[in-house]
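Scroll down for the structure; my scribbles are underneath it.
Just so it is clear, none of the values below were taken in a lab; they were calculated from the coordinates. Nothing here was measured: the structure is a model prediction, and the numbers come from that model. Note that each Cβ is placed from the backbone with ideal geometry, even for glycine, and that neighbours are counted across all protein chains shown.
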Amino acid sequence: MDADATRSTPGRVVVKVGTRLVIDGEGRPRPEFLERLAREIHEVMDQGVQVVLVTSGAVGIGRRLLFPPGRTLRASERPSAAAAGQPVLMRYWAEALARVDLKPAQVLLTLDDVVDRGRCLRLRDTLEDLLGWGVVPVLNENDSVSVESVTFGENDMLAAMVAAAVVPAELLVILSDQAGLFTADPRSDDSAQLIRRVSPDEDVSRFATGAGGPESLGGMARKIEAARRATDCGIRVVIADGNCPGVLPRVLAGEEVGTCMVARPRMPSRKAWLAVHENPRGTLVVDEGARRALLREDGSSLLPSGIVEVRGHFQAGDLVTVVDPDGREIARGLINYAAAETDAIKGEHSSRIAELLGRPGAAEVIHRDDMVISAEGQR
């Protein structure tokens, strides 16, 4: 058995379900899958596990409702297809869950609902209430209103960000029509081997082959990217075949199912929110001394003396990334100064801040409590 899987059953799990599990190639529901997974959710909830369900499928259903069979869906038509398909998708899940006496609650999200701190906290309160009442939150991206440049991209990333920064959960289970991550695409290479375990420092991106279906923006590469985002925040991830009977109880029981991606130490929820944030407003380039100070185990705040360059337009309180002289991101955090102010004090001792800005200010450009070390910086 995988050593990481011997840990006790998690108290909370996010389960992401791919399009090709929920519907067939024509956009019709797969009731046998929906009903089986509903039973499995009921089974693990009986063991005291709270479940958040993230589901795809609205775009595929909407394509069948709005367009002739075989019609290729243009990118500009996805929002409308999602709007038409979402109520039908929710009906499928509501009926399947009702058969095992579970109550669902629909929650449609945009990226702003997670990256805006106030909205993220309100979303957390809502989900905590629902989970406390024994309800199954059913989440999906609100594709009908999401802006193309500000979107999760697909539901694997939505699930990872919710598990890390919103709920939070101990485990993320990504269910697809593949058994996990392979050394090659098993659909075209008979020598492909299933990778059972991935450590936090192991780069497996070269193995992430295969694209999603016609209504999916995902594929294994995006699953691995999302999984890495979760594991860097301390969330264990299992990628497994959703068509395998009993997959969810087996994963939670610690069986070796699919690919297990081992987590780093758990981050506090605020730092996890910083780590998954998708929209930094600027970049600070620091010198080698500052890089070493930030990466020390006891760590330090970022002081103006270590900054050599300021990029972007940002205000005090915005999220910015910190990169080393080679351009590698080593940290990100909430900055205490606007871009022009940061540029004015860069390279200077903190004692000169009041003189240079004409007003007193924090000694730290980014305080350690408002900073998270990036996974790339740890590797």
Q: Give the cross-link partners of Lys16 among the lysines, using a straight C-alpha distance below 16 Å as the criterion and excluding same-chain residues fewer than 8 apart.
A: Lys223
Q) What length, rounded to one decimal in nm, is gained on full extension from Glu297 through to Asp343, with 0.36 nm per residue of separation minus their alpha-carbon distance? A) 13.8 nm
Q: In nm, give the distance between the simple-model label positions of Cys244 and Glu329, each being 7 Å from the Cα along the Cα-to-Cβ direction.
A: 3.1
Q) Taking the chain as a Gaussian network, where each spring joins two C-alpha atoms under 10 Å apart, which residue of Glu256, Glu202, Glu355 fluctuates the most? A) Glu355
Q. Comparing Leu65, Leu248, Leu181, which has the greatest mean-square fluctuation in the GNM of the chain with Cα pairs linked when under 10 Å apart?
A. Leu65
**Q.** Among Glu95, Glu32, Glu40, residue whose mean-square fluctuation peaks in a GNM of the chain (springs only between Cα atoms under 10 Å)
**A.** Glu32
Q: Only one of the values [x] 21.4; [y] 25.2; [z] 22.0 was calculated from this structure for Kirkwood radius over Cα pairs in Å; name its label.
A: [z]
Q. Using 0.36 nm per residue, how much length does the chain from Asp24 to Gln315 gain when fully extended, once their Cα-Cα distance is taken away?
A. 100.0 nm
